[in-house]
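Reading through the structure tokens given below for one structure.
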Amino acid sequence: MRPFPEPDPGEPALGSPGRYLLWLAAAHRASAVLAVGYGVLCTLAQAFVPAAIGRGVDRGLIAGDRGALVAWCAVVLGLGVTQAVAGTLRDRCSVTNRFGASYRTMQLVTRKAARLGAELPRRVSAGTVVSVGATDITRIGAALESTARGGGAVVSIAVIAGVMLTVSWQLGLVALVGVPLSAAAIAALMRLLHARQQGLRTEQGALADLAVDIVDGLRVLRGIGGERVFADRYRERSQRVRHEGVRVAGVESSVAAGRLLLPGLLVTVIVWLGAHFVGTGRMSPGALVAFYGYAVFLAEQLRRATSMVDQLTRAFVAARMVTDLLAMEPGLGSGDREIAAEGARGPLRDPGSGLEIPPGRFVAVACARPDDMLLLADRLGRYVDSPATLGGTPLAEFPLAEVRRRILVVDHDARLFSGGLAAQLDPHGPAGGGAAVGGADGGGADGGGADGATNGSAHGAADRLRRALDTASAHDVVEALPEGLDQEITGGREFSGGQRQRLNLVRALLADPDTLVLVEPTSALDAHTEARVAERLGAHRHGRTTVVFTTSPILLDRADHVVLVEGGTVVAEGPHAELLADARYRAVVTREVTVA
């Protein structure tokens with residue numbers, strides 16, 4: 001599948017769920033037209049089989065003409081071959097449409113999630129995003145797949161109804177009246193099903209949100225004995241989903257019953273009237289055989305058409321969730337002013353709080369309120385609109401991508417992804433870098449030309465990785481893994497909180513931004529490990545700006561400069577030892593309680 005440009009948000013494709021589905025169909029115009037064409041050819045070939053059999057009965061069996069019988073048998077064979085070939089090609093194109101639509105939707109959703117970045121969790125729940133990726137794209141793909149069979153069914157119903165009117169207007173009229181009535185009855189159930197499915201989809205999203213919260217906080221829940229409370233809450237929410245599912249199933253069973261009962265009644269009426277006409281000499285036996293085949297065929301095609309409507313109904317609900325997500329736009333604007341070299345070396349300042357970070361220093365910020373840590377970190381990294389400046393120039397005037405490259409914010413919720421550990425820690429490192437860290441000896445200098453440059457690059461990356469692991473005191477984490485840095489991880493779930501913190505610190509150090517902002521980077525570490533990290537962090541980042549939001553005395557003592565923030569405003573600055581004389585600082589750092 002070749003890449004395709006993301007549609008402009010103003011295009012009709014993103015205006016409504018229906019237009020989005022039409023846009024997807026247009027994106028696969030060639031295969032969609034072929035699928036419907038093959039679907040029509042397949043169903044028409046199947047539709048004319050009863051007519052050929054009826055002619056064979058009248059002109060071959062009853063008339064005793066062996067040649068005519070053989071000829072009509074050959075026609076039936078030809079129609080069967082045509083049906084088989086056209087059906088195979090139809091299914092091939094339909095599957096292309098299904099996976100193409102799913103892939104394109106996933107592309108758009110993933111691209112939108114990447115564009116929203118840190119804004120995404122603030123604007124939509126994780127459960128909703130998971131449901132879109134796991135359920136909605138599948139339903140959209142299934143809907144496009146169903147149009148081939150459904151389109152062929154609709155066309156063949158109209159053609160066969162016309163044929164029946166030509167042969168016997170009475171039976172044709174029964175078919176023309178009975179098919180729309182059956183479709184109308186099922187369509188009414190479909191509308192009810194649509195509403196029920198929308199309610200079920202909402203409840204499933206809420207349940208997914210709760211499941212994500214429980215999984216993320218399982219360790220904490222066990223620590224405070226809150227497992228039963230959340231288990232009861234999950235049970236209550238899952239019962240709501242079950243109740244909505246039962247309501248949906250009730251309507252679905254009615255739809256299924258209607259698909260079977262109404263066409264069956266139509267077949268019964270047509271066959272009874274046809275038998276009566278044969279008995280009165282108004283119709284030949286072969287024509288009765290043909291009409292019976294038509295009736296059975298119409299019943300099957302009616303079920304296919306209603307199945308297509310069912311799939312489109314589900315896809316409409318799913319497309320609404322997708323278009324709601326795609327309609328979101330980043331709230332942060334991006335400037336176009338280039339960051340000059342002298343500006344990049346200037347101080348990073350937040351006028352709202354009075355916090356100023358001098359360039360090239362290791363600064364620790366102690367906040368009286370934990371919420372202020374994340375707020376100030378977001379301001380300094382421009383994850384929220386703020387008047388923060390770099391070198392005296394507002395961050396809002398710089399391109400957002402450039403701000404992200406120069407200022408890296410790592411909070412305590414930073415996550416690892418699935419894949420090889422070495423690639424997670426250093427995505428831009430050379431392939432096989434993990435093995436080099438495990439103990440490759442020198443030899444790069446012996447290589448010549450490109451090989452020597454490659455070896456030198458690999459060894460340089462290995463040295464940087466080894467140094468970052470040493471600074472974060474994370475060698476033991478890697479050594480405990482069976483395959484070391486080549487170990488495939490599953491999003492970091494196999495690590496403890498402290499191990500994840502150290503690996504996240506390794507990743508941040510390897511990124512080597514101009515300004516590194518860390519939020520409580522050692523909160524889950526024991527005192528000995530935290531002391532080692534605090535001692536090595538400043539030396540590792542020498543000459544680069546490092547900001548650590550923390551209330552840990554160990555980190556504060558190692559910082560070049562300490563800032564105390566209270567009530568969202570800077571109230572004191574200086575070395576850790578001097579600030580200990582301030583009662584406000586002691587209350588934050590040592591948890592000392594001041595008695596009035």
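The values are calculated or read from the model by the stated rules, or taken from the named source; none is laboratory data. Predicted model, so just to flag it, every value in this text is computed and none were measured. When we count neighbours, we look across all protein chains shown, and the Cβ atoms used for this are built from the backbone with ideal geometry, even at glycine. Quick note on the areas: whole protein, heavy atoms, side chains included, nothing else; ligands and nucleic acids left out. Shrake-Rupley method; radii C 1.70, N 1.55, O 1.52, S 1.80 Å.
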- Task: Go through the range 363-382 residue by residue and tally those that are closer than 23 Å to ARG500 by Cβ and surrounded by fewer than 16 Cβ atoms within 10 Å (Cβ to Cβ).
- Result: 2
- Counting just the residues of the range 139-185 that are assigned to a helix (DSSP H, G or I), in contact (Cβ under 8 Å) with a residue 60 or more places away in the chain and among the hydroxyl-bearing types (Ser, Thr, Tyr), which one comes out surrounded by the fewest Cβ atoms within 10 Å (Cβ to Cβ)? THR147
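One line per residue, one yes/no per condition, for (1) farther than 28 Å from ARG404 by Cα; (2) in contact with a Gly (Cβ under 7 Å, 6 or more places away or on another chain); (3) hydrophobic (A, V, I, L, M, F, W, C); (4) open to solvent by less than 30 Å² (accessible area, probe 1.4 Å):
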residue: GLY87; (1), (2), (3), (4): yes, no, no, yes
residue: ARG92; (1), (2), (3), (4): yes, no, no, no
residue: SER102; (1), (2), (3), (4): yes, yes, no, yes
residue: LEU108; (1), (2), (3), (4): no, no, yes, yes
residue: LYS112; (1), (2), (3), (4): no, no, no, yes
residue: GLY117; (1), (2), (3), (4): no, no, no, no
residue: LEU120; (1), (2), (3), (4): no, no, yes, yes
- Query: Restricting the search to the range 312-330, which residues are open to solvent by 60 Å² or more (accessible area, probe 1.4 Å) and either part of a strand (DSSP E or B) or in contact (Cβ under 8 Å) with a residue 24 or more places away in the chain (or both)?
  - Reply: LEU312, PHE316, ARG320, ALA327, GLU329
- Task: Quick one: GLY333 ticks every box in (1) closer than 30 Å to ALA113 by Cα; (2) open to solvent by 50 Å² or more (accessible area, probe 1.4 Å); (3) modelled with pLDDT under 85 except a single one, so which number is it?
- Result: (2)
- Any idea which residue in the range 277-311 is surrounded by the fewest Cβ atoms within 10 Å (Cβ to Cβ), counting only those that are among the charged types (D, E, K, R) and assigned to a helix (DSSP H, G or I)? GLU300
- Task: Would you mind stating whether VAL129 is in contact with a Leu (Cβ under 9 Å, 6 or more places away or on another chain) and in contact (Cβ under 8 Å) with a residue 40 or more places away in the chain?
- Result: yes
- Query: Restricting attention to the range 383-411, which residues are within 24 Å of the chain's Cα centre (by Cα) and crowded, with 18+ Cβ neighbours inside 10 Å?
  - Reply: TYR383, VAL410, ASP411
- Go through the range 95-126 and give me each residue that's farther than 21 Å from PRO330 by Cβ and free of Cβ contacts under 8 Å to residues at least 40 places away in the same chain. SER102
- Only one residue in THR82, THR43, THR88 is within 17 Å of ALA290 (Cα to Cα), within 42 Å of the chain's Cα centre (by Cα) and in a helix (DSSP H, G or I), so which one is that? THR43
- Query: Taking the condition of a type in the set (A, V, I, L, M, F, W, C) and surrounded by 14 or more Cβ atoms within 10 Å (Cβ to Cβ), does VAL70 pass?
  - Reply: no
